[in-house]
1. Looking only at region 209-253, filter to residues that are free of Cβ contacts under 8 Å to residues at least 24 places away in the same chain and acidic (D, E); which one of those is nearest to F334 (Cα to Cα)?
2. Give region 276-308 a look and list any residue that's in a helix (DSSP H, G or I) and under 26 Å from P468 (Cα atoms), or say none.
3. Which residue out of G403, G312 is surrounded by 20 or more Cβ atoms within 10 Å (Cβ to Cβ), closer than 23 Å to D436 by Cα and out of contact with any His (no Cβ under 9 Å at 6 or more places or on another chain)?
4. Looking at N239, is it more than 19 Å from the chain's Cα centre (by Cα) and surrounded by 15 or more Cβ atoms within 10 Å (Cβ to Cβ)?
5. Does region 77-92 include one or more residues that are assigned to a strand (DSSP E or B), open to solvent by 20 Å² or more (accessible area, probe 1.4 Å) and not β-branched (V, I, T)?
6. Looking at S219, S211, S167, S141, which one is in a helix (DSSP H, G or I) and farther than 24 Å from D49 by Cα?
7. For region 26-62, what are the residues that are closer than 19 Å to T162 by Cβ and either surrounded by fewer than 20 Cβ atoms within 10 Å (Cβ to Cβ) or free of Cβ contacts under 8 Å to residues at least 12 places away in the same chain (or both)?
8. Suppose we filter E105, E69 for residues that are touching an Asp or Glu at 6+ places or on another chain (Cβ under 8 Å), open to solvent by 50 Å² or more (accessible area, probe 1.4 Å) and either among the charged types (D, E, K, R) or without any contact (Cβ under 8 Å) to a residue 24 or more places away in the chain (or both); which single one remains?
Amino acid sequence: MLQSINLVWFKRDLRITDHKPLSKAILLGKPVVLLYVFEPSLVNDPHYDERHWRFVWESLEDMISQSPETFILNIVFDEVINVLEKISTKYTIDTIFSHEETGIETTYMRDKSIKTWCVKRKVQWEETPTNAVYRGLMSRSDWKDRWKKRVFDEIDDPNFNTLNCISLDNINGDNDQIEWPKSWTHGDTNFQKGGEIEAWNTILSFIDQRSENYNNSISKPNESRVGCSRISPYLAWGNISLKQLHKIYRESYQKSEFKRALKSFECRLNWHCHFIQKFESECRMEFANINNGYDDIRTDIIPEFVDAWKNGKTGYPMVDASMLAVKQTGYLNFRMRSMLVSFLTHHLWQPWQVGSTHLAKNFLDFEPGIHYPQFQMQAGTTGTNTIRIYNPVKQSKDQDPDGIFIKEFVPELRAIPKELIHEPWKLTAIEQEMYDCRIGVDYPEPIVDITKTYKWANSQLWAKKSDPKVKEESKRILKIHIKPGRRFV
C-alpha cells in the first residue's frame, strides 16, 4: 500500500509567511510534498518572458534560504498534471493545498484539467482565496464588507516545528537532465530581484523614507522609479500578501512623517482587488471587448504601426522612451503605461489585443486581473469610464521637462537640449547636424500627426458612447462590476 501524503502546490504565492495552504498542510501532520512546477505551457506563453522566470527562481531561492532544513521544496520542469501522475505512482495523494489563481486562459484550462484529474483520482483539492478576490461573485453590493473581511483577517504564519517534508528525488524522469536556463539563475541588476526579503526591504524603505516624494513623483517616469513603492512585482508573484501590506501600513501610519503620501498609497492599494475581481468575474476580457458595442471599431491591423510601437520607434520621444524603459527594466509608472495603451489604441487606432501580451511580457509585475481591466479602460472599450486620450508631447513636457528620462532610454536624442527634445521633428536642418540627430535617419519622424489622430479618436469614441448597444452593455457592466450608486472613473 502506498504512503499517504498531502501536497502544497506553490503558484503565485512565493513566500513562507502568511500562507494558509502551507499552514493547513502542516497542521494535518501527514508527510507533505512542497512543489513548484515550471510549466512549459506557461514558460512558452506569450504573456511571459525570462524576466518573470528569473524573478520566480530568485523567489524560490529566497524561500529555501529562509526556511529550516526540514523545508524541502521540490522544483520540477513539466506540466503539473504529469507531475501529479508521477507522484501518484509512488504515493497516495490525499489533499492538494494551493491558493486560488485569477490567471490567463492557459492557467484556467490547466486548473480545469487538474480538477478533473482530482475527481477521477479521488484526491481532494483545497484552494484558499487569494487576497480579497471572490470566486463566482457577480454583484458588488457588499464589496466593501467582503474586502475588509479578507484584508483585515489574521496573518496565518505556518508553524514549521511539525513540518515533515518528502523529497521527490528521481520523480522527474526524463526531465532530470534539464539544465535551467542561465538567464533564470543569474541575476540581472536592470530588474528588481525576487523574494520575500526583497519585498519587505522594498516596502519598508518606501514607508520609512521614499514615500516622502510619493505624491510628487508618481506621475513622473524618472522620479517614480525611486519615489513610488515599487512593491507591485512582489505582490503579483506573492512574495508578500495584501494582508501583510495593509498590516504594515496600519502599523506605520500613525508614527509616519509622511501621512499624506501613505494615505495616497493606501488609496491605490485599495483598488488592487477591485480590478482583479473584474477579471475573476468576466475573464473573457483577456480576448474580447468587455463592452461588445465596441466590436465594430478598430478592426484593421496596420503591422508597421504595431511594430513601431513595440520597438520604440514612433517618433514621439516619451512614447519611445517609455517602451524602451519597460523592455530594459520591467518597470514603468502607471501614467506612462496608460499613455502607451492610449497611443496604440487612440492615436494609432489599433485594436488593444495587438499590444496586450507585448506589455504583459515586459511588465515584471504582470498581474492578469489588473492588466486586462486596465488595458480596456485605457483603450476606452468599457463604455463606463471617462475617455482619456493622452497627448504624448504634453506628457513629455509636463512629466520629464528636462528630458532626463528620454535621454536615458533614447540615446539618439542625448545631445538635443531640453527645450527641443520633446518635439525633435521641429529641429531645423542645421540643428539636426549640430546635435548629430537627423530626423528620419538617426531618429524616426512621427508615425502619425497626433493633432489629427486625437480629433478622429475623440469623435469616434464619444459617438460610440451614445450607441444603444454600448449603453445597454454599460448597464450590464455596472451591475456586475461596480457597487450600486457608485461610478468608478
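The values are calculated or read from the model by the stated rules, or taken from the named source; none is laboratory data. All figures in this text were calculated on a predicted structure; none of them were measured in a lab. With ideal geometry, Cβ positions are generated from the backbone for all residues, glycine too; neighbour counts draw on all protein chains shown. The area values use the complete protein model at the heavy-atom level, side chains included, leaving out ligands, DNA and RNA. Shrake-Rupley method; radii C 1.70, N 1.55, O 1.52, S 1.80 Å.
1. Out of the qualifying residues, it is E223.
2. If the condition is that a residue be in a helix (DSSP H, G or I) and under 26 Å from P468 (Cα atoms), then K278, F279, S281, C283, R284, M285, E286, N292, G293, Y294 are the ones that fit.
3. Numbers: G403 fails: out of contact with any His (no Cβ under 9 Å at 6 or more places or on another chain).
Testing whether each residue is surrounded by 20 or more Cβ atoms within 10 Å (Cβ to Cβ), closer than 23 Å to D436 by Cα and out of contact with any His (no Cβ under 9 Å at 6 or more places or on another chain) leaves just G312.
4. Values: more than 19 Å from the chain's Cα centre (by Cα): no; surrounded by 15 or more Cβ atoms within 10 Å (Cβ to Cβ): yes.
Spelling it out, it is not the case that N239 is more than 19 Å from the chain's Cα centre (by Cα) and surrounded by 15 or more Cβ atoms within 10 Å (Cβ to Cβ).
5. Within region 77-92, the subset assigned to a strand (DSSP E or B) is 77, 91-92.
Then drop every residue that is not open to solvent by 20 Å² or more (accessible area, probe 1.4 Å), which leaves 77, 91-92.
From what is left, the residues that are not β-branched (V, I, T) are 77, 91.
Yes, because at least one residue in region 77-92 is assigned to a strand (DSSP E or B), open to solvent by 20 Å² or more (accessible area, probe 1.4 Å) and not β-branched (V, I, T).
6. Numbers: S219 fails: in a helix (DSSP H, G or I); S167 fails: in a helix (DSSP H, G or I); S141 fails: in a helix (DSSP H, G or I).
After ruling out the rest, the residue left standing is S211.
7. L27, L28, G29, K30, P31
8. Values: E69 fails: touching an Asp or Glu at 6+ places or on another chain (Cβ under 8 Å).
Matching residue, one of E105, E69: E105.
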